[in-house]
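Please treat every number below as a calculation from the coordinates, not as lab data. Just so it is clear, the structure is predicted and the values come from calculations on it, not from any experiment. A quick note on method: Cβ atoms are made from the backbone with ideal geometry, for glycine too, and the neighbour counts reach across all protein chains shown.
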Amino acid sequence: MALTLTVQSNEPIPTGEYTVELTAIELVDTQFGKQLKWTFVVPDHKRTLVAFSSFTASPKSKCIRWACALLNRTIAVGEEVDFQSLVGKPATAVVVRKRKDDGSEINAIEDLLPLNKPSADDPFA
């Protein structure tokens, strides 16, 4: 079996809002404890972006806010969220360019927003 890889540019994309698709999510050990590692693809730029969040059940936590964006609805208190089921779902990522200590620039996902605004008759809006 051939093992191939297409070389990508490491030049950060401009700050802005981009349609992304969640391609993977996993719970990983980091220096900050257990966190969710979110992997997104930016199809228009053929780029992959990775972000991390805590794995916290608070409705205001990043992982719940991002799950809401991918589901395009509010998640109710007491509702169970299957994060693996979010893989393949699209959203709008607010992407920024950040400067590292060495002067190089990288992209970071500042926030994740629903791809489509909920309709006025959506009871979860």
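Of note:
- Charged neighbours of residue 9, selected by a Cβ distance under 10 Å, balance to +1 (K, R count +1; D, E count -1).
- Peptides 87-98, 2-13, 46-57 ranked from most to least packed give 87-98, 46-57, 2-13, packing being the mean of other C-beta atoms within 10 angstrom over each peptide's residues.
- Dipole check for the chain: with +1 at the C-beta of Lys and Arg, -1 at the C-beta of Asp and Glu, and the Cα centre as origin, the magnitude is about 180 Debye.
- The calculated 222 nm mean residue ellipticity attributable to helices in the chain amounts to -2500 deg cm²/dmol, summing -39500 (n - 2.57) over DSSP H runs of n ≥ 4 and dividing by all residues.
- With the convex hull drawn around the C-alpha atoms of region 16-113, the volume per residue stands at 106 Å³.
- Annotation: extensible slack from residue 26 through residue 102 equals 24.5 nm (criterion: 0.36 nm per residue apart, minus Cα-Cα distance).
- With at most 14 other Cβ atoms within 10 Å, longest stretch of the chain clear of loop GluC sites (Glu not before Pro) (DSSP): 1-78
- Against the main long axis of the alpha-carbon atoms of the chain, helix 62-71 sits at an angle near 80°.
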